[in-house]
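The values are calculated or read from the model by the stated rules, or taken from the named source; none is laboratory data. Note that the structure is predicted; figures quoted are calculated from it, not measured. Glycine also receives a Cβ, built like all others from the backbone with ideal geometry; neighbour counts cover every protein chain displayed. Areas reflect the complete protein model, heavy atoms only, side chains present, ligands, DNA and RNA absent. Shrake-Rupley method; radii C 1.70, N 1.55, O 1.52, S 1.80 Å.
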Amino acid sequence: MADFQAMPDHSRVWIYQADRTFTEQEQDFIESQLSTFIGNWTAHSKQLFATGMLVFQKFLILLVDEQNEAASGCSIDSSVKMVQELEMQLSCSFFDRLNFVYMDGEHMKTIHKDDMEQAYKEGAINDQTIFFNNLVSNKSELESGWRVALKDSWHFQFT
């Protein structure tokens, strides 16, 4: 598995947000499974230059340098299957795209899309609230635009 710092800025990114935070034991399990998967992740029988990590006990992030070898449909499918297997093993969900994570001081909180408008009106969230933009597409965007103020985020449309 490549080191995150070794991955070029153009590396393609996939972010899977869990519906809960993981215990230390679960984190160790995820990291072990991820390391095994990345070590065997191929496209058209060629090893992908890739890495993966669990961030903030909640976000599973995969990166692939597609200039080295592009991730094919089958290789992307295999990564989705790996994440689905983790869901089953850990009794969690990584695919609920209607829940958003934001920072409330030092704590991460989750809010459903349908609750955004009311939370905004009540002041529970505001223009400066930091939201996680899981739609970033490459490492450069991950580093510069993953955590973004609500007013600058696509999440703002739900307020």
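Restricting attention to the range 98-119, the residues that are open to solvent by 70 Å² or more (accessible area, probe 1.4 Å) and closer than 17 Å to Val148 by Cβ total 2. Scanning the range 120-145 for residues that are part of a helix (DSSP H, G or I) and crowded, with 17+ Cβ neighbours inside 10 Å turns up Tyr120, Lys139, Leu142. Taken over the range 15-42, the residue count meeting the criterion of being open to solvent by less than 40 Å² (accessible area, probe 1.4 Å) and not in a helix (DSSP H, G or I) is 6.
Right, Ile76: closer than 26 Å to Trp154 by Cα, open to solvent by less than 60 Å² (accessible area, probe 1.4 Å) and at pLDDT below 95 or not? When the stated conditions are applied, Ile76 passes them. Filtering Met103, Met116, Met82 for residues that are part of a strand (DSSP E or B) and either in contact (Cβ under 8 Å) with a residue 40 or more places away in the chain or within 28 Å of Gln5 (Cα to Cα) (or both) leaves a single hit, Met103. Within the range 43-66, work out how many residues are over 22 Å from Asn133 (Cα atoms) and either in a strand (DSSP E or B) or of a type outside the set (S, T, N, Q) (or both). Counting residues in the range 43-66 that are over 22 Å from Asn133 (Cα atoms) and either in a strand (DSSP E or B) or of a type outside the set (S, T, N, Q) (or both) gives 6.
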